[in-house]
1. Given 37 °C and 0.692 mPa s, compute D for the stretch 36-86 with the Stokes-Einstein relation, Rh being the Kirkwood radius over Cα pairs; round to the nearest whole µm²/s.
2. If you rank 10, 15, 65 by fewest surrounding Cβ atoms within 10 Å, what's the result?
3. Take each of the peptides 41-53, 73-85, average the number of other beta-carbon atoms within 10 Å over its residues, and list them starting from the highest.
4. Over the chain, what is the relative contact order in whole percent, taking alpha-carbon pairs under 8 Å and six or more residues apart?
5. I need the shape label for the stretch 8-63. Rule: rounded when a/c is under 1.5, else prolate if a/b > b/c, else oblate, with a, b, c from the alpha carbon gyration tensor.
6. Round to the nearest 10 and give me the degree value, 0 to 90, for the angle of helix 11-26's Cα axis relative to the longest principal axis of the chain.
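Readers should treat all values here as calculations from the given coordinates under stated rules, not as data from a laboratory. Just so it is clear, the model here is predicted, and its values are computed rather than measured. Here the Cβ is made from the backbone with ideal geometry for all residues, glycine too, and neighbour counts use every protein chain on show.
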């Protein structure tokens, strides 16, 4: 079975995808059918639906994670690059 992957794109494109999920749910399609059409996991469809029910449309906005903190300082990084390029 193919594992769905979050599509690349702008925050607007990803938010639009979530709004399409709600539109399909309002058309009384099942979670699994919506997931199949959108090409995502049914658990994602359920999470977006529940977030929308609790917090409204703002819950569907995409929030990007800043990621893990750096372990090397900029100076250490530059030094490492110099060493590796020798």
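1. Values: Rh = 14.9 Å.
Answer, rounded: 220 µm²/s.
2. Going from sparsest to densest Cβ surroundings: 65, 10, 15.
3. Numbers: 41-53: 15.8, 73-85: 9.3.
The peptides rank, most packed first, as 41-53, 73-85.
4. Here the relative contact order equals 26 percent.
5. oblate
6. 20
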